[in-house]
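The block underneath contains the structure these notes are about, expressed in structure tokens.
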Amino acid sequence: IDQAVQRCGKIGIDLAGVIKGFTGIPEGAKEFADAGCKFIASSRLEQIQGCIDFGIKATYMLIRVPMLSELEEAIRLTDISLNSEVEVLKALNAEALKQGKTHKVILMVDLGDLREGFWDKKELLDAALMVENELDGLYLAGVGTNLGCYGSILATPEKMNELIADAEMIEKAIGRTLDIISGGATTSFPLVINGTMPKRIN
């Protein structure tokens, strides 16, 4: 993992260490944190709870849309989550305000894999403007995509540039630079290895 962190770091990319593949064993998560992963990430809140209980100080990421039934836990345990549902964003905002926190969100963009994310560009922009201007408990951290997961769409420089274009559309509308443009998961790593990952993916 330290090799992946170093290779990505050289071109300005931070890594999220996803712990669900080894059932969130805290000792494994600690290896990710110690190697320099910026985020510790899982789709399972109980795994994040386990890492917190183990004493791992990290920025925790929920790598799916939170369920409405677990918003209290999602806000309490995680710093940032992936989102693509307006109803959930509004409810997440209400819970963040209730807990006195600011929760960061990454809006997911579907670039053809059909797994998750906004498909319609106007809906994506409207959601971004809503988070930025109306939901005081949320902070629009950036945009992301997931490729090579469900629909077998390969991560290519062209797909990454499409995501960057979506990010820049949002940036123009909100008048600031997004912190995060997330180019996917391990399936995007070959672009790092072969030197074809576009510069703004971070």
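The values are calculated or read from the model by the stated rules, or taken from the named source; none is laboratory data. Please read all numbers here as calculations on a predicted model, not as lab measurements. Here the Cβ positions follow ideal geometry from the backbone for every residue, glycine too, while neighbour counts run over all protein chains shown. The area values use the complete protein model at the heavy-atom level, side chains included, leaving out ligands, DNA and RNA. Shrake-Rupley method; radii C 1.70, N 1.55, O 1.52, S 1.80 Å.
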| request: Evaluate the relative contact order of the chain (contact order divided by residue number), counting alpha-carbon pairs under 8 angstrom at least 6 apart; express in whole percent. | output: 15 percent
| task | At 1.4 Å probe size, with every protein chain present, just tell me what the per residue accessible area of the chain comes to in Å². | result | 49 Å²
| said: Please enumerate, by chain and number, the lysines with C-alpha under 16 Å from the C-alpha of K122, excluding those fewer than 8 residues away in the same chain. | reply: K172
| task | Report in % the part of the accessible area of region 25-136 that belongs to carbon and sulfur, leaving out ligands and nucleic acids; probe 1.4 Å. | result | 50 percent
| Which distance in Å, rounded to a whole number, links the C-alpha centroids of region 41-57 and region 156-202? | 28 Å
| request: Apply 1/(1 + (r/R0)^6) to the Cβ-Cβ distance of E72 and R176, taking R0 = 25 Å, and write down the FRET efficiency to the nearest 0.05. | output: 0.25
| field | Residues of region 77-101 with amide N under 20 Å of the 7 Å Cα→Cβ point at W119 | value | 83-89
| task | Please give the net charge around I1, taking every other residue with its beta carbon less than 12 angstrom from that of I1, where Lys and Arg add +1 and Asp and Glu add -1. | result | -1
| query | If the cut-off is 22 Å between C-alpha atoms, which lysines fall inside it for K20, apart from same-chain ones fewer than 8 positions away? | reply | K30, K38, K57, K104
| query | For I153, which sequence-distant residues (separation of 5 or more, or a different chain) have an amide H within less than 5 Å of its own amide H, given hydrogens modelled in the peptide plane? | reply | G148
